[in-house]
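Q: Right, I'll just put the structure down here and ask away after.
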Amino acid sequence: MKSNLKTRLIPILLYRDGLIVKSRQFKLFQTVGNPFAQVARYNKWDLDELIYLNISKNKNFFYDSDIQTTSSIGSGIEILPKKKIDVYEFVKLLSKNCFMPLTYGGGIDSVEIARKILKSGADKICINSHAFKDNKFITDCAKEFGSQAVIVSIDCKKKLDKNIVFIEGGKLDTGMDILEWIQKAEALGAGEILVNSIDNDGVGRGFDENLCKLSIEKTNIPVIICGGAGQAEHFYDIYKKFKPHAMSAANIFQFTENSYQNIKTELKKNKLNIR
Amino acid sequence: MRWCKKCVYPEVAVDFTFDDQGVCSGCLSKSDTKNIDWDKEWKDLVNLVEKYKSKDSSNYDCIIPVSGGKDSYFQTYIVKEKLKLNPLLVTYNGHNYLDIALENLKNMREIFGCDHYFFTPSRDVIIKMNRLGFKLTGDMNWHNHAGIVTVPIIVAAKFKIPLIIWGEHTLDINGKNFLSEKIEFTKRERDESFLRGYKMKDFIEKTEKLTRKDLQWLQYPSDDEIKEVGVRGIYLGNYLKWDGNHNFEIAKKFGFKTPLKPFQRTYRIASNLDDRYENGVHDYLKYVKFGYGRATDHASRDIRLGKLTRKEGIEMVKKYDHVISEDLYHWLEYVKMSEKDFWEHCDTLRDKRVWRKENDVWVKDNIWDEWKKNAP
């Protein structure tokens, strides 16, 4: 549904095997750096929210201080663990150093894990593949933590004019049309839907309008649109047309100094109802 | 160990990623530039700088951070002669200038008729920073990288000159970014990539007894100061085709000179003259840590530019990467350190993914042996 509230602007950080990366179409991953350094910058930039997604190759959560030898080893955070830590310790550290509402996603495939992630300091969880494979998981999470704490993330790809849902980091074609899955996820108790276009991901040529239109107009819960923002105008265009609850992006916020506030200022100058 | 299928970078090279075909992010980023419409980029740049021209000539139009090398000549030439701006040149002098490089710098500001802010920290402090940099970060030139990305921003904030025009976006060498993303200078990139996560306070410690007062030049302006002036650092390399060899030709036309003696660790003669250790012992430390050196950097760039074949590149790596250069002894004398101490500390820096000990000698896999792995 269209939003009658102020639209939120939400940066996403992608964590992959110990480092923050940028992604292009879920295929190419370029190193950004230390898992906490950009969080420290975002703290200064007064974000509405932050979504932190673990997209590691490693099935198990992976953090090892050794990998930091190739990158930064201390920026933005006072103590970077010098040992291997598990995902809960990691989220604890992250939330301690994150002064904005934090959503954590990636590898959450049981209520137990979700509970521990939230207990470690995340404000919301973001679920994807497992929710698709076991629909009851959405309902269980919503019952346990409340819908407001559950974001269902959906990645899709164009196939002959249809938007098909892909899971497992874009690797597995489910054959299901996005509309079907979005409406199902809503009925099962999702609080918000994060819709990402694999084709537009990291390309910077703008959002997929058709996908935005579909997902915003056919649901009654907030939709966070994602995938393709390369400049402030892209947010402007999509806002003007569909007025989404939230617009998000990963790469663009890392290109220039003070990017988040500059983009917001630009949008507000054009009288958009942005938070 | 894997190496890029197209250039000669190893998998462990700092900040690189490889795609499924075994091609490094640097080569991918470079091939992405084929789609760039350079005429349009140039027009964008002209429009962009127009906004920053001082309307009443009450201030400089921009800052160019320069070392006086071939790329500095090229930057100044473009900014002054082509964009017709009135720049203030800014240099951090890390006490490592070769005589010829200092002459080049002086000639450059004179031939282009520019004002020049030449900042020199105290010699005692820099000797201490050399020692500490080596011990703490494994890089005696840490202060140099830090100074280069701090002093121009301090000057921008103090003189209230918003636009800083950097040269090459070096981060496309490792493919961290695509040129089309129009990356600009950010504090995070400074802290993480140039300062490698170390901060001023790491250097205020017991052994060298440096204090905050000694390190004023490391004090990055606050976010508020940056915002107030609107400081913004753009990269020329995002707006025009960047080729070090081409820049060298331009620089020569304006009197740029190269040293009579070639470098011991690379075949290129005109790169990194501003710092006596940059192609020497500083770079050797990269080899100690990650198993590759400047010849790998230069050969990879020249392969991407079509100036070398991969086979020729591998020859350069084989010839130069392992060489211990004589400036090591200059440096040891400069900081009063014994050679034994130097090598002992070096061994603590070696990356375990690269080096292993065989019969008490450090060995690693080499690119010229890569065929062995694929052999039946």
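The values are calculated or read from the model by the stated rules, or taken from the named source; none is laboratory data. Computed from a prediction, not measured in an experiment: that's the story for all the values here. As a convention, Cβ positions derive from the backbone with ideal geometry for all residues, glycine included, and neighbour counts pool all protein chains shown. Note: areas computed on protein heavy atoms with side chains; ligands, DNA, RNA excluded. Shrake-Rupley method; radii C 1.70, N 1.55, O 1.52, S 1.80 Å.
Q: Would you mention how many residues in segment B:108-138 are open to solvent by less than 60 Å² (accessible area, probe 1.4 Å) and either assigned to a strand (DSSP E or B) or on the phi > 0 side of the Ramachandran plot (or both)?
A: Residues flagged as open to solvent by less than 60 Å² (accessible area, probe 1.4 Å) and either assigned to a strand (DSSP E or B) or on the phi > 0 side of the Ramachandran plot (or both) within segment B:108-138 amount to 4.
This table checks each residue for (1) touching a residue at least 12 places away in the same chain (Cβ under 8 Å); (2) part of a loop (DSSP other than H, G, I, E, B); (3) in contact with a Leu (Cβ under 9 Å, 6 or more places away or on another chain); (4) within 22 Å of residue B:157 (Cβ to Cβ).
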{"site": "B:27", "(1), (2), (3), (4)": "yes, no, no, no"}
{"site": "B:34", "(1), (2), (3), (4)": "no, no, no, no"}
{"site": "B:39", "(1), (2), (3), (4)": "no, no, no, no"}
{"site": "B:42", "(1), (2), (3), (4)": "yes, no, yes, no"}
{"site": "B:45", "(1), (2), (3), (4)": "yes, no, yes, no"}
{"site": "B:56", "(1), (2), (3), (4)": "no, yes, no, yes"}
{"site": "B:63", "(1), (2), (3), (4)": "yes, no, yes, yes"}
{"site": "B:68", "(1), (2), (3), (4)": "yes, yes, yes, no"}
{"site": "B:73", "(1), (2), (3), (4)": "yes, no, no, no"}
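Q: Here is a further query. When you scan segment A:33-58, how many residues do you find that are among the β-branched types (Val, Ile, Thr) and open to solvent by 10 Å² or more (accessible area, probe 1.4 Å)?
A: 1
Q: Determine whether residue B:44 is over 19 Å from the mean Cα position of the chain (by Cα) and surrounded by fewer than 23 Cβ atoms within 10 Å (Cβ to Cβ).
A: yes
Q: Answer with yes or no whether residue A:9 is open to solvent by 10 Å² or more (accessible area, probe 1.4 Å) and either part of a strand (DSSP E or B) or among the hydroxyl-bearing types (Ser, Thr, Tyr) (or both).
A: Here the answer is no, as residue A:9 does not meet what is asked.
Q: Name the single residue, out of those in segment B:244-263 being without any contact (Cβ under 8 Å) to a residue 40 or more places away in the chain and more than 22 Å from the chain's Cα centre (by Cα), that is farthest from the other protein chains (Cβ to nearest Cβ).
A: B:260
Q: Further question: Consider only pairs whose beta carbons are under 7 Å apart and that are at least six residues apart or on different chains; among these, list those whose first residue lies in segment A:43-61 and is away from chain B (no Cβ under 14 Å) and whose second residue is open to solvent by 30 Å² or more (accessible area, probe 1.4 Å).
A: Final answer for the pair search is A:48/A:275; A:49/A:101; A:54/A:61; A:54/A:107; A:61/A:86; A:61/A:107.
Q: Would you please list the contacts, defined by Cβ atoms under 7 Å and residues six or more apart or on different chains, that run from a residue in segment B:324-342 that is more than 23 Å from residue B:291 (Cα to Cα) to a residue that is open to solvent by 80 Å² or more (accessible area, probe 1.4 Å) and in a loop (DSSP other than H, G, I, E, B)?
A: Matching pairs, first to second residue: none at all.
Q: Any chance you could count how many residues in segment B:146-159 are within 13 Å of another protein chain (Cβ to nearest Cβ) and part of a helix (DSSP H, G or I)?
A: 4
Q: Which residue pairs have Cβ atoms under 6 Å apart, sit 6 or more places apart or on different chains, and have a first residue in segment B:181-193 that is facing chain A (nearest Cβ under 7 Å) and a second that is of a type in the set (A, V, I, L, M, F, W, C) and open to solvent by less than 30 Å² (accessible area, probe 1.4 Å)?
A: So the pair list comes out as B:181/A:255; B:183/A:255; B:184/B:234; B:188/A:37; B:192/A:37.
Q: Looking at segment A:108-116, can you tell me whether even one residue there is under 16 Å from the mean Cα position of the chain (by Cα) and without any contact (Cβ under 8 Å) to a residue 24 or more places away in the chain?
A: yes
Q: Another question, then. Please go through segment B:181-233 and pick out each residue that is in contact with a Gly (Cβ under 9 Å, 6 or more places away or on another chain) and more than 28 Å from residue A:31 (Cα to Cα).
A: Within segment B:181-233, B:217 is the sole residue that qualifies.
Q: While we're on this one: Sort through B:52, B:97 and tell me the only one that's in a loop (DSSP other than H, G, I, E, B) and more than 24 Å from the chain's Cα centre (by Cα).
A: B:52
Q: Still on this model: Identify, by number, the condition in (1) open to solvent by less than 10 Å² (accessible area, probe 1.4 Å); (2) at negative phi; (3) at the interface with chain A (Cβ under 7 Å from one of its Cβ atoms) that residue B:197 doesn't meet.
A: Tallying (1) open to solvent by less than 10 Å² (accessible area, probe 1.4 Å); (2) at negative phi; (3) at the interface with chain A (Cβ under 7 Å from one of its Cβ atoms), residue B:197 fails exactly one: (2).
Q: Is there a residue in segment B:244-254 that is open to solvent by 30 Å² or more (accessible area, probe 1.4 Å), modelled with pLDDT under 90 and within 25 Å of residue B:307 (Cα to Cα)?
A: Checked against the condition, which is being open to solvent by 30 Å² or more (accessible area, probe 1.4 Å), modelled with pLDDT under 90 and within 25 Å of residue B:307 (Cα to Cα), segment B:244-254 yields at least one hit.
Q: Here's something else I'd like to know. From A:170, A:191, which residue is within 14 Å of chain B (Cβ to nearest Cβ), touching a residue at least 12 places away in the same chain (Cβ under 8 Å), under 20 Å from residue A:135 (Cα atoms) and touching a strand residue (DSSP E or B) at 6+ places or on another chain (Cβ under 7 Å)?
A: A:170
Q: Does segment A:200-207 contain any residue that is part of a helix (DSSP H, G or I), over 24 Å from residue A:144 (Cα atoms), modelled with pLDDT under 95 and charged (D, E, K, R)?
A: no
Q: Could you list all residues from segment A:221-256 that are of a type in the set (A, V, I, L, M), more than 14 Å from every other protein chain (Cβ to nearest Cβ) and buried (at least 24 other Cβ atoms within 10 Å of the Cβ)?
A: If the condition is that a residue be of a type in the set (A, V, I, L, M), more than 14 Å from every other protein chain (Cβ to nearest Cβ) and buried (at least 24 other Cβ atoms within 10 Å of the Cβ), then A:223, A:224, A:225, A:247 are the ones that fit.
Q: Still on this structure, I have one more. Of all the helices (runs of 4 or more DSSP H) wholly in segment B:274-376, which have at least 2 residues that are under 19 Å from the mean Cα position of the chain (by Cα)?
A: Of the helices (runs of 4 or more DSSP H) lying wholly inside segment B:274-376, those with at least 2 residues that are under 19 Å from the mean Cα position of the chain (by Cα) span B:281-290, B:294-304.
Q: Sticking with this one: When segment A:18-34 is examined, which residues are found to be within 11 Å of chain B (Cβ to nearest Cβ) and not in a strand (DSSP E or B)?
A: Selection gives A:27, A:34.
Q: Restricting to segment A:257-275, and then to whatever is open to solvent by 40 Å² or more (accessible area, probe 1.4 Å) and touching a strand residue (DSSP E or B) at 6+ places or on another chain (Cβ under 8 Å), can you tell me which residue is nearest to the other protein chains (Cβ to nearest Cβ)?
A: Among them, the one singled out is A:268.
Q: Please go through segment B:82-99 and give me each residue that is over 14 Å from residue B:54 (Cβ atoms) and without any contact (Cβ under 8 Å) to a residue 12 or more places away in the chain, ordered by number.
A: B:82, B:99, listed by residue number.
Q: Please go through segment B:208-243 and give me each residue that is more than 14 Å from every other protein chain (Cβ to nearest Cβ), in a loop (DSSP other than H, G, I, E, B) and either open to solvent by less than 40 Å² (accessible area, probe 1.4 Å) or of a type in the set (A, V, I, L, M) (or both), ordered by number.
A: Within segment B:208-243, B:208, B:210, B:239, B:240, B:242, B:243 qualify.
Q: Which residues, taken from segment B:160-176, are in a loop (DSSP other than H, G, I, E, B), open to solvent by less than 10 Å² (accessible area, probe 1.4 Å) and not small (Gly, Ala, Ser)?
A: Listed by number, the residues that qualify are B:161, B:169, B:176.
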